[in-house]
Amino acid sequence: MAEISGTSVDKVEQPIECAARRYLYVWEGPVRIIHWLNFFCIIILSFTGYFIHDPFMSSAQHPYIMGHMRHIHYVTGVVFSVSILARLYWFLGDSYFASWRAIPNPFDKNNRKTFWAYIRFYTFLGKETPHLLGHNPVAFCAYTLLFLLFFLQILTGFALWAQADPYSSLYAVTGWIFGLVSNQWVRWFHFMVMFLIAGFVINHIYSIVLFDFKSKSGEISSIFSGWKPDRRD
Amino acid sequence: MANKIVVDPVTRIEGHLRIEATIENGVITDAWSSATMFRGVETILKDRDPRDAWYYTQRFCGVCTTVHSLASIRAVENALNIQIPFNAEMIRNIIMGIQNVQDHMIHFYHLHALDWVDVVSALSADPKKTAALQQSISPWKFSSEKYFQGIQNRVGAFVKTGKLGPFTNGYWGHAAMKLPAEANLMAVAHYLEALHIQKEIIKIQAILGSKNPHPQTFLVGGMSIPIDPNSQNAINADKIAQIRQHIAMAKEFVEQVYIPDVLAVAPFYLEWAGIGGGHKNYLSFGDFPEGRRGYPNDFWMPAGVIMNGDLSNIMPVDQQKITEYVTHSWYEYSAGDGVGKHPYEGETNGKYTGPKPPYDFLDTDNKYSWAKAPRYDDKPMEVGPLSRMLVAYASGHKEVTDTVNLVLGKLGVGPEVLFSTLGRTAARAIETLIMVNKMSDWLDALVANMKTGDYSIHNNEKWEPSSWPANARGYGFHEAPRGALGHWVVIDNKSIKNYQAVVPTTWNASPRDPAGVRGQYEESLIGTPIADPQRPLEILRTMHSFDPCMACAVHLYDEGGNPVSKAKIL
Amino acid sequence: MTDFKGMLAAHNISRRSFLKYCSALGAMMAVPATMTPRIAAALESDNRPPVIWMEFQSCTGDTESLLRANRPSVGELILDHLSLDYHETVMAAAGDQAEASKHATMEKFKGQYICIIEGSIPVGADGVYCTIAGQTAVDILKKVGGDAGLIIAVGSCSSYGGLPAAYPNPTGAVGVSELLPGKTVINLPGCPMNVDNLTGTIVHYLTFGSAPAMDRFGRPKFAYGKRIHDNCERRGHFDAGQYVENWGDHGHRQGWCLYKMGCKGPASFHNCPTLRWNEGLSWPVMAGHGCVGCSEPGFFDTMMPMYQRLPNVPGFGVEASALKIGGAIVGASAAVFATHGAVTMARNWKQVNQAKTETREMIKETTDAEK
């Protein structure tokens, strides 16, 4: 874990001294590509998904609007699933910040300390957080939860899609869900999770902007470039 | 020596009815009517969208499959003060009308006839004489000797298989069966014909209501069946022609078969004009609005109350006077079981205190039924075709007066015979006749209105819950085939807070009230002769004359009760 | 077979039209045309199977549906195809005589008779919510169902509990299969069931000697194997984006898609669009009202509110639609982080200002030095 005491707010009065000694390559190409692929997929899936729930445009706007919206939704769903699978592959691979190695260890005293420091920071109880290069442990938990939601969306999405043909192998793989809850609740769940993801997006954007200011370590730019300044003393 | 007998299940009715009766010297001296099934639909309705209520209440009963949906949407419309378009009113009239006609037809031929007709005796009939009999009573097309021979062969072949199916253990050869063999054969033929006719004429409900049973085009604020003469997806000239055809078919059968049958059979059973009268209190809510002012104005079938068979005094209906008792029903009132509750305040907790099943007899001194005891002005009332016909007759309703006088004239009896088992059956036939003749008027009114370019079927103003007041309450009445039906709904915070239905069979099948006054079924059975206590056919005759519908009768709103189990989220 | 031929003749049915009927029935059951003779043979057989039809917590809607049968008609069913030994709504006998009839069939045809159940079975309060002849529905079902050769649950109530089992299920109502574990129960849900699916099932059983293939909810695939939505005559309007917006509007009169009026066709497996009701005359969507999803387990809770796409969020009242609560989640998230941002700004205002001042001073110094 890249846990190093770093720049903090009280050092703000010495901006020049904060210049990085060097840059570290934190987010590898695939991580960034997948991030942006997910970004676009979520936007498209949410838009088309919402449209499928409530068709707010009609044939007056486009002669085959629901057919195309659903088509786009399905294709994007497949792309999104591939993207999530690729991310899972990368997670199991040999990178550092974007892999399982970055999982905070709850049995490690320092890790716990860092975790609570961030919780205190978020709840205004503390002002200091250790400087980290990758995800902070609270963010890591949030992302894990988010990916869980992604998996559920993919599962419920494919299950609903499979209903078009209960004889299909897709239905054979996903149909068990309807033994647990009725397809209306699956549909309801698929719809509600969209809002949870939207809520997360707000959190995500807010937090990176916050930390971009706070730590001045390129939280925003790194997801474009991959580089982060090394602010270790 | 008093002898207590039980008839359970009472068959050829809707639902689960049990009759216990004491017999002394071959005559019934006391009787108890018990509803033995309970579902708790009103509990289920709590907290739901009032616009959905009709779909739930429709399932009170699948026989009178439209009536509870209509009463429900009327109650919600009354609560929210919605006036529906004229077209929707006429469509509802047509749906209600054919419901009455078809329901009465099924009742007479398939639920009631086997009380009077001996199927086995039909085998010994002479087809030639049967043909002559048929031709003498009406111009009905199926009247040839060959036709009746075919029916007889078919029934004969059926009996020979030794498997009588639904006719097993019927009351064949019973001393109370009095029709000659030929009349029996004719009735068997009509039993089979009516099976066909009923499913044909009810197609009107499929056209206007999507399907039957349980048509699905009802809406709070109107109907969902679009009308547009220039659309292939709406009621257009072709669909209207189809409806006309079915009305004509119904009219032909009622005029040429049903009515002649009643007139032909009745003389053999005239003693039943003196049996089964009961309390002689009659209640009709009135129905079939015809004018532009819409429901509840301009009823074709008038509302009124008759007490003690006094036809000279028709009193107006006041819904405030309706109360329900649970003294002898398996429910508890918080303020004690001796008080009556108006449906708006209808507070009830189900509590079974009867004997542990399996049992032989109910504890009729205490609680013994799942049906409550509704009372009007603290009096037990009879509802149904007889009540409607009597109220209309006494109010001078032209079609009813003419038809009743015609039928009574043919039978050579006065109107007092109507207060009886036979009277109920006759009133049902009379009603069917005037109803089937009325149907085309409503269709014509619909067509005339379409001609003006008015295709409106729904009043959208109060469709969205945001347009509703926070609190509202209302009631909806309907004259169902089995009688006066009322639904009461209390809407709180846009959802149902209290729902109560007081339905025809609850009036008729009511157990005793706190004063020990019997319900109408119970009272009607007093004095009925029983030839063979082992085969109490006579009880069935009187019970069937009411056309019981038990699933409707039993329902409960359970405010403080504990649900038996929580629903799973499926 | 002479008797059967005689019966056909008595009904004015030619051999040809009879075989045509059999192949239509076969087509409905999705069996190959070569099976037509076998179906015909099954229908012609003189061994009319005995049937015990029990009604428990029912509204008799399924019986009424039976009365609308047309292929074969109910008259033919009763006289020619089945021996309907017990059916409270149609049988002549009552009371003890009715019970005797039932017991005779159960003894004589043990393990062979067809048991048809209509209505749910209340298990609450030891079963007192439904008794017949002093016995509880639970006991009767266990006896009658236990000895049956084939059990068919007609309608949604007997299949899955239906209306009485809707929340909060005041009587503890359940479907047949829950009380007869281990027995094969063919569910024919629908509110009511479509009688053509019942006749189809019976003829399948008589023809092939076994129950039809069923889905995970015990429904025959020949009737419940496809979604209403995927078979719907209005599907084209759905894909095109032509929706009914108000009852009676142009789209409604033109038969556009009822999706926005809460149609549950996309969530319901049933053959209404192809089979239709009352001899193929109509069905709810055709008559302008959305599907209610009556063939799905628990539909009285899951498919409601009737005029909305999705169930409401439980516990938030009638107006708590999924959209409103979803919007509230996003709104709450935005509000939380906006507040957090504002508080953060306020807490760091001093430092931020200080940094601004210092930056300005630094720029000034640098500029001055350059000068």
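Each value in this text was obtained by applying a stated rule to the coordinates, not by laboratory testing. Computed from a predicted structure; not experimentally measured. Quick reminder, even Gly has a Cβ in these numbers, built from the backbone with ideal geometry, and neighbours come from all protein chains shown.
Per-structure values
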read-out: Sorted by Cβ neighbour density within 10 Å, fewest at the top, the residues C:Cys130, C:Cys291; value: C:Cys291, C:Cys130
read-out: Theoretical ellipticity at 222 nm over chain A - DSSP helices of four or more residues, -39500 (n - 2.57) apiece, nearest 500; value: -20500 deg cm²/dmol
read-out: The protein assembly as shown: antiparallel DSSP beta bridges as a percent of all, rounded to 5; value: 75
read-out: Estimated vicinal HN-Hα couplings, Hz - region B:298-307 in sequence order (Karplus 6.51, -1.76, 1.60; Gly, Pro = x); value: 6, 5, 6, 9, x, 8, x, 10, 10, 10
read-out: Shielding by partners - mean other protein chain Cβ count within 10 Å, residues of B:42-53; value: 5
read-out: nm² value of the averaged projected area, convex hull over the Cα atoms of chain A; value: 16.2
read-out: Pairs of lysine residues in region A:8-230 - Cα separation under 18 Å, sequence separation of 8 or more or cross-chain; value: 8
read-out: Cα lying deepest toward the dipole's positive end in the protein assembly as shown, options A:Met69, C:Thr357, B:Val119, charges on Cβ; value: C:Thr357
read-out: Cα pair distances in chain C, grouped into 10 Å bins until the bin that holds the longest one, percent each; value: 5, 19, 25, 19, 11, 6, 4, 4, 3, 2, 1, 0, 0
read-out: FRET efficiency, 1/(1 + (r/R0)^6) with R0 60 Å, evaluated for C:Glu370 and C:Asp230 via beta carbons; value: 0.20
read-out: Of the DSSP H helices in chain A, those whose Cα atoms cover at least 27 Å axially and whose Kyte score averages -0.5 or more; value: A:29-53, A:65-92, A:137-162, A:183-215
read-out: Cα-based shape type of chain B, given that a ≥ b ≥ c are square roots of the gyration tensor eigenvalues and the cut on a/c is 1.5; value: oblate
read-out: Debye log10 I(q)/I(0) at q = 0.18 Å⁻¹ for region B:143-243, Cα point scatterers; value: -0.91
read-out: Shielding score for C:309-322, defined as the mean number of other chain Cβ atoms within 10 Å; value: 4
read-out: Sorted by Cβ neighbour density within 10 Å, fewest at the top, the residues B:Ser440, B:Ser466, C:Ser65; value: B:Ser466, B:Ser440, C:Ser65
read-out: Amide hydrogen neighbours beyond the local backbone of B:Asp287, cut-off 5 Å, H modeled; value: B:Trp300, B:Met301
read-out: Where labels lie 7 Å past Cα in the beta-carbon direction, separation of A:Trp116 and B:Asn3 in nm; value: 8.9
read-out: Whole-Hz couplings from phi, Karplus 6.51/-1.76/1.60, listed for region C:116-132; x for Gly and Pro; value: 10, 10, 10, x, 7, 10, x, 9, x, 6, 6, x, 6, 6, 8, 10, 10
read-out: Residues whose placed amide H lies under 5 Å from that of B:Arg12, excluding near-sequence neighbours; value: C:Thr89, C:Val90, C:Met91
read-out: Inter-part distance where region B:278-305 and region B:1-68 are each reduced to a Cα centre, Å; value: 25
read-out: At least 18 Å along the helix axis (C-alpha) and Kyte average at least 0.5, DSSP helices within chain B; value: B:67-80
read-out: Hydrodynamic radius (Kirkwood) for the protein assembly as shown, which is based on Cα pairs only, to one decimal in Å; value: 32.8
read-out: Share, in percent, of DSSP beta bridges within chain C that are antiparallel, nearest 5; value: 30
read-out: About the Cα centre, charge dipole magnitude for the protein assembly as shown (Lys/Arg +1, Asp/Glu -1 at Cβ), debye; value: 3300
read-out: Interchain or long-range residues, amide H under 5 Å from C:Ala69's placed H; value: C:Val74
read-out: Where trypsin sites (Lys or Arg not before Pro) fall in DSSP loop in region C:182-272, at most 13 other Cβ within 10 Å; value: C:Arg216
read-out: Restraint check, B:Lys128/B:Lys160; B:Lys211/B:Lys356; B:Lys280/B:Lys321; B:Lys199/C:Lys143; B:Lys46/B:Lys321; B:Lys4/B:Lys199, Cα-Cα greater than 30 Å; value: B:Lys211/B:Lys356; B:Lys199/C:Lys143; B:Lys4/B:Lys199
read-out: Debye equation applied to the C-alpha atoms of region B:253-358, log10 I(q)/I(0) at 0.12, 0.16, 0.24 Å⁻¹; value: -0.81, -1.04, -1.18
read-out: Prolate/oblate/rounded call for region B:31-124, Cα gyration tensor, a/c under 1.5 rounded; value: oblate
read-out: Rough spin-label spacing in nm, given labels placed 7 Å along Cα→Cβ, for A:Ile33 and A:Ala164; value: 2.8
read-out: Mean ellipticity per residue at 222 nm, deg cm²/dmol - from DSSP H runs of n ≥ 4 across chain B, formula -39500 (n - 2.57); value: -11000 deg cm²/dmol
read-out: Ascending count of other beta-carbon atoms within 10 Å, so fewest first, for B:Arg18, B:Arg154; value: B:Arg154, B:Arg18
read-out: Within chain B, percent of DSSP bridges classed antiparallel, to nearest 5; value: 90
read-out: Over chain C: helical MRE at 222 nm, DSSP H runs n ≥ 4 each giving -39500 (n - 2.57), nearest 500; value: -12500 deg cm²/dmol
